[in-house]
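None of the figures in this text is laboratory data; all of them are computed from the coordinates on show. All figures in this text were calculated on a predicted structure; none of them were measured in a lab. Glycine gets a Cβ as well: all are built from the backbone with ideal geometry, and neighbour counts include every protein chain shown.
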């Protein structure tokens, strides 16, 4: 079932006081979740850095440079993600809805999973081909990231291939899509806007990289709508990041 079918008033027998957050309410909750993620991840990372190297007196620029190192960036993502999800959970419960239902945490069929991965492989291939043909060099690749041995590599892999996909898909294709698809935007408007904001949120990249992230967001949004499954987009996002760990490129 797609959200064209599921984005309707609750059926008879559902909780009488349940609702869907409107456009501005959805945006407000998303900003709160992002703030909780940044605050919690930054504080936790500062404590980790202080424990490992006594770096409590880092300037903002120095802290940003450390954040861009793979193992520390991944650590911040892992530690900040639960706080963001907690904000989403609280908002959904306040709306009188089930968390899994609101975020469409439905298990997708095997056929749509295979189709989704096939499309993502084609998309990554096209992006690599265009990038090579244009002779462009990305500002950050996997070889630039300092992971610090086996433990750091494992942390990096968990953060980028599990933490980031879960956080971003729960927020963009889960919570924000749910509210905005039932607003004046409709499902297709929600796909476009969530993809645009998702791309803009990747401030570590230039406009070329963000343009591809936007296209990827449109693709993920399409599959979210088609399958009514945010778990599907989590899997596709995770698979894409896994491929990039080996190939190099912009992490999403």
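Taking the Cβ-Cβ separation of residue 211 and residue 100 as r and a Förster radius of 22 Å, what is the calculated FRET efficiency to the nearest 0.05?
Calculated transfer efficiency: 0.10.
Would any residue of segment 149-191 have its amide N under 16 Å from a label point 7 Å out along Cα→Cβ of residue 24? List them or say none.
180, 183-185
What does the extension gain come out to for residue 44 and residue 201, with contour length at 0.36 nm per residue minus their alpha carbon separation?
Residue separation times 0.36 nm, minus the Cα-Cα distance, leaves 54.4 nm.
Which order do the peptides 39-45, 126-132 come out in when sorted by mean C-beta neighbours inside 10 angstrom, highest first?
The peptides rank, most packed first, as 39-45, 126-132.
Label-point separation (nm) for residue 114 and residue 133, each offset 7 Å from Cα along Cα-to-Cβ?
For residue 114 paired with residue 133, the spin-label model returns 3.0 nm.
So for the pair residue 192, residue 126, with labels modelled 7 Å out along Cα→Cβ, what separation do we get in nm?
Here the answer is 1.8 nm between the modelled labels.
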